[in-house]
Amino acid sequence: MNCPGSEQAAAYADNRLDAAESARFLEHCADCDDCRRTLAVLLQPRDQAAVPAPMETRAMAAIRRSLDRAPRPFRRAVLPRPQASPAGLLVAAALLVGFVGLVLLAKPQSSRVEEPRPVATKTPVPGAVAVPGTRPAPLPDTPKTETLPRPEPLEQLRPAPVKTGELEEPGDPKVEIPAEILVREPAKPEETRPEEAPKPVTHTVAARVLSEIQVTDISGNLSVNRKGLRTKERLTGVARLAEGDVLTADKPASFQVDGRHPVVLSENASISMAYAAQEQAPWLKVHAGEATVESTAASRWVVTDGQVAVAVKPAKARFTASRREARLAVAAQTETLYLQPDGGRLQAIHVGEEFHVGRGAAEVRPVDAATASRRSAAFEASRPRQRTIFYTSCDPADAKREHFFVQEGNWLRNDGLLSRERADHSAAAAIAPNPRFSWRDSLTLKFRYMTNCRSVEAQLRVDDKKYMLQRPLPVDRRNLGQWQSAEIPFALGSWPVFSRDDGGKQLVVSTEDKFDAIRFVVRQQDVFGDQRAYVLIDDIQVVEREKD
Amino acid sequence: MNEKQLIDRCIRGESGAWEQLVREFGAAVHDAARFTLRRVLGSAHDEDVENVYQGVLLGLCDRDAHRLKLFQGRSSFKTWITSVTARFALNYIRTEKRKGSLKYTALDASASDLPDRDLQGGDADERERIHQALDRIPPREKLILKLFYFDGLSYKAVAEILRIPVNSVSPLLIRAKESLRKHAEIP
């Protein structure tokens, strides 16, 4: 049905349609429920009540936020746009030509060709040669480009020709990337190639846009030295980390990245963590010691020691990153890893092997059994024993009151968590977990709250079966206006009150029941003094403990 | 400042203009939201009214006032925004019902409150026959039956919508029912 929409209904209501248009519209209304009901709303005379002041204030605040909001979604940092100067246009044109050329060149190779990755610098180091022990990679190499973070003259930005023998599989067709004309010539099998010495390789760190990352389920003695601050901060529970923050662990400690990838730090380890927007991968910088990472789902990683950076291709595997003899070492523990140093070629690292990479050299070394066993035992001993399946928080110091969930690796924005007054003189703050989670004895609900009431009631609502579990939390008068923490296990005994929409007096709770909302309610009759009831909720977390 | 100037200022993103727009037309939005929810669901919770109220205003403001730019001036702005709100509320009801988060008695369940139950009663087969017959009668008769029996509107409201005198509604309804009975073969 072709619905004319709001405009036509409004025009009809204001008698702005001619007779034919009106007849057509009424004919349409006979079949379109929305238009018919809209018309009923438009033409029903009624007294117009004023909008409640708090509702209007909240709407205006939301509009102001919407007007002020920068169009920058979380984690989607955008590279600076080139200036619209002639030089900038030339740079853009050169980049485009280079990119198209690379795409054309990459096509006839394997379908598993990785996407081209910009390289910040690519200066040959005199005397540096490819290590003979390096194993050939099973996948084709990433095409090379010479893109720089700052605009450079056109000539320097032209794609460098791939020279015979340089980072190339034996038998690969010889190709050259022309500077301007993009014609790909097929290889001639009968053509013989002159023998050339291997060209030196240079590994480096490509420029990346790094944004904050959230880590959860922190356990062990982990502290952070925030960028620009001299003091150290002890980390517990959940934390957000940026590129310049340095985490240190005196003793083995652990946390989860993206809510599902455990990271275990060895004794005296020091790392930084962030999120690499381009690769959509967690970024791990090892300053000292070892960090063992387990990707519980196929996930990319970027590992660096500041001198070189290695992209770990999507893998569901455990690996250890460490600094060894001024080189970055990445050891595969459970599955074969495909690693690609910035400016270098792809390498397959099998279980029991360690990839050592420095600026001018890379090699694969075997890991002795004792070290592998020690690492495996250390990981098992220190890995997180719980998993945050849901988390939302707000920074009370941040007037914008932004909230973030972490759920199965995703981040979602939420509305404010300051309670809203309701018609029955109670006030409630509510969140809706997405996706919903089901009842499990292994879950615990944690949150912080601040209220002016004698009691805060936590509620879990199951819409499908129209019931609600309730847990009143008494508040001591001395704790009024103070942040307090609560932990409520998902055991039936912890939720002593329930209510069914149909007023039934019995309730059967099933493990298939999924919760649609977590609510925190305070009532006006419980207020100390004569203020309006309120509750502030923060750090709402549902964690799943590992079963023994 | 007239409506056009106010809307132009809003489109330019002037915060003060938006404040004025909310002050001037917020009541119409709020009223339409409450009325639509109550009419379709039987009651309107403050929470849902606010969701619709805020959703409409934010919808006009978001994406560089994309929705607001759609206002062509074929009606007054107040009528237009009321129409937009009614649409938004109907969509909101559909979405929330899908999510199962609305806790109202749906119109079907409150049908006993409707002025006449001729079209609502009977068994499933009979209702099915009636609905099939509705598709066969002339659109104008179909519309008057739906307005009166499905939407529960009064004679006066039906007359307002169809732009006919109030005392014409009853004969039209009788004629429409006759037509329906004939097509549905109801004795």
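The values are calculated or read from the model by the stated rules, or taken from the named source; none is laboratory data. If you're wondering where the values come from, they're calculated on a predicted model, not measured in any experiment. Reconstructed Cβ throughout: ideal geometry from the backbone, glycine too, with neighbour counts over all protein chains shown.
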Taking B:Asp118 and the conditions (1) over 22 Å from B:Arg39 (Cα atoms); (2) modelled with pLDDT under 85, which numbered condition does it fall short on, given that it satisfies the others? (1)
Pairs, first over 24 Å from A:Leu460 (Cβ atoms) in region A:476-496, second surrounded by 14 or more Cβ atoms within 10 Å (Cβ to Cβ) and of a type outside the set (Phe, Trp, Tyr), C-beta under 7 Å, six or more apart: A:Leu480/A:Asn452; A:Gly481/A:Met450; A:Gly481/A:Asn452; A:Gln482/A:Met450
B:Arg181 is checked against (1) modelled with pLDDT of 75 or more; (2) surrounded by fewer than 12 Cβ atoms within 10 Å (Cβ to Cβ) and fails just one. What number does that condition carry? (2)
Report, ordered by the first and then the second residue, all pairs with beta carbons closer than 7 Å, sequence separation of six or more or different chains, a first member in region A:265-282 that is within 22 Å of A:Arg208 (Cβ to Cβ), and a second member that is part of a strand (DSSP E or B) and basic (Lys, Arg). A:Ile271/A:Lys285; A:Ser272/A:Lys285; A:Glu279/A:Arg300; A:Gln280/A:Arg300; A:Ala281/A:Arg300
In region A:464-479, is there at least one residue being in a strand (DSSP E or B) and within 30 Å of A:Pro262 (Cα to Cα)? no
Where residues in region A:286-326 are hydroxyl-bearing (Ser, Thr, Tyr) and assigned to a strand (DSSP E or B), which of them is nearest to the chain's Cα centre (by Cα)? A:Ser299
Filtering region A:477-494 down to residues that are more than 17 Å from A:Val543 (Cα to Cα) and surrounded by 14 or more Cβ atoms within 10 Å (Cβ to Cβ), which residue is farthest from the chain's Cα centre (by Cα)? A:Leu480
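What number of residues in region A:327-343 are outside any loop (DSSP other than H, G, I, E, B) and either of a type in the set (S, T, N, Q) or closer than 18 Å to A:Ala378 by Cβ (or both)?
Filtering region A:327-343 down to residues outside any loop (DSSP other than H, G, I, E, B) leaves A:327-332, A:337-341.
Remaining after also requiring either of a type in the set (S, T, N, Q) or closer than 18 Å to A:Ala378 by Cβ (or both): A:329-332, A:340.
Selection size over region A:327-343: 5.
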What is the residue count in region B:37-86 for residues that are in a loop (DSSP other than H, G, I, E, B), more than 8 Å from chain A (Cβ to nearest Cβ) and of a type in the set (Gly, Ala, Ser)? 4
Tell me, yes or no, whether region B:31-42 has at least one residue that is at pLDDT 90 or above and in contact with a Phe, Trp or Tyr (Cβ under 6 Å, 6 or more places away or on another chain). yes
I'd like to verify a number: residues in region A:327-366 that are of a type in the set (A, V, I, L, M) and either out of contact with any strand residue (DSSP E or B) (no Cβ under 7 Å at 6 or more places or on another chain) or more than 27 Å from A:Ala206 (Cβ to Cβ) (or both), how many? 2
Residues of region B:2-32 being over 20 Å from B:Thr85 (Cβ atoms), touching a residue at least 12 places away in the same chain (Cβ under 8 Å) and more than 11 Å from chain A (Cβ to nearest Cβ), which ones? B:Lys4
Does region B:43-61 contain at least one residue that is surrounded by 20 or more Cβ atoms within 10 Å (Cβ to Cβ), among the hydroxyl-bearing types (Ser, Thr, Tyr) and under 20 Å from A:Ile63 (Cα atoms)? yes
Among (1) within 14 Å of chain B (Cβ to nearest Cβ); (2) surrounded by fewer than 19 Cβ atoms within 10 Å (Cβ to Cβ); (3) not β-branched (Val, Ile, Thr), which single condition is A:Pro433 missing? (2)
Index of the failed condition, B:Val52 passing every other in (1) in contact (Cβ under 8 Å) with a residue 40 or more places away in the chain; (2) over 20 Å from A:Ala49 (Cα atoms); (3) β-branched (Val, Ile, Thr): (2)
Considering each of A:Gly237, A:Gly259 in turn, give the residue that is closer than 30 Å to A:Leu443 by Cβ, modelled with pLDDT under 90, out of contact with any Lys or Arg (no Cβ under 6 Å at 6 or more places or on another chain) and crowded, with 21+ Cβ neighbours inside 10 Å. A:Gly259
Scan region A:262-277 for residues that are more than 12 Å from the chain's Cα centre (by Cα) and surrounded by fewer than 21 Cβ atoms within 10 Å (Cβ to Cβ) and jot them down. A:Glu267, A:Asn268, A:Ser270
Need at least 1 residues that are within 8 Å of chain B (Cβ to nearest Cβ) and within 16 Å of B:Ile81 (Cα to Cα) per element, so show me which helices (runs of 4 or more DSSP H) inside region A:1-62 make the cut, counting only ones lying wholly within it. A:6-13, A:33-43
Pairs, first surrounded by fewer than 17 Cβ atoms within 10 Å (Cβ to Cβ) and among the acidic types (Asp, Glu) in region A:528-548, second at pLDDT 75 or above and part of a strand (DSSP E or B), C-beta under 8 Å, six or more apart: A:Glu546/A:Gln386; A:Glu546/A:Arg387
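Residue-wise test of (1) part of a loop (DSSP other than H, G, I, E, B); (2) within 10 Å of chain A (Cβ to nearest Cβ); (3) at pLDDT below 85.
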| site | (1), (2), (3) |
| --- | --- |
| B:Glu126 | no, no, yes |
| B:Gln132 | no, no, yes |
| B:Ile137 | yes, yes, no |
| B:Arg140 | no, yes, no |
| B:Lys146 | no, yes, no |
| B:Val158 | no, yes, no |
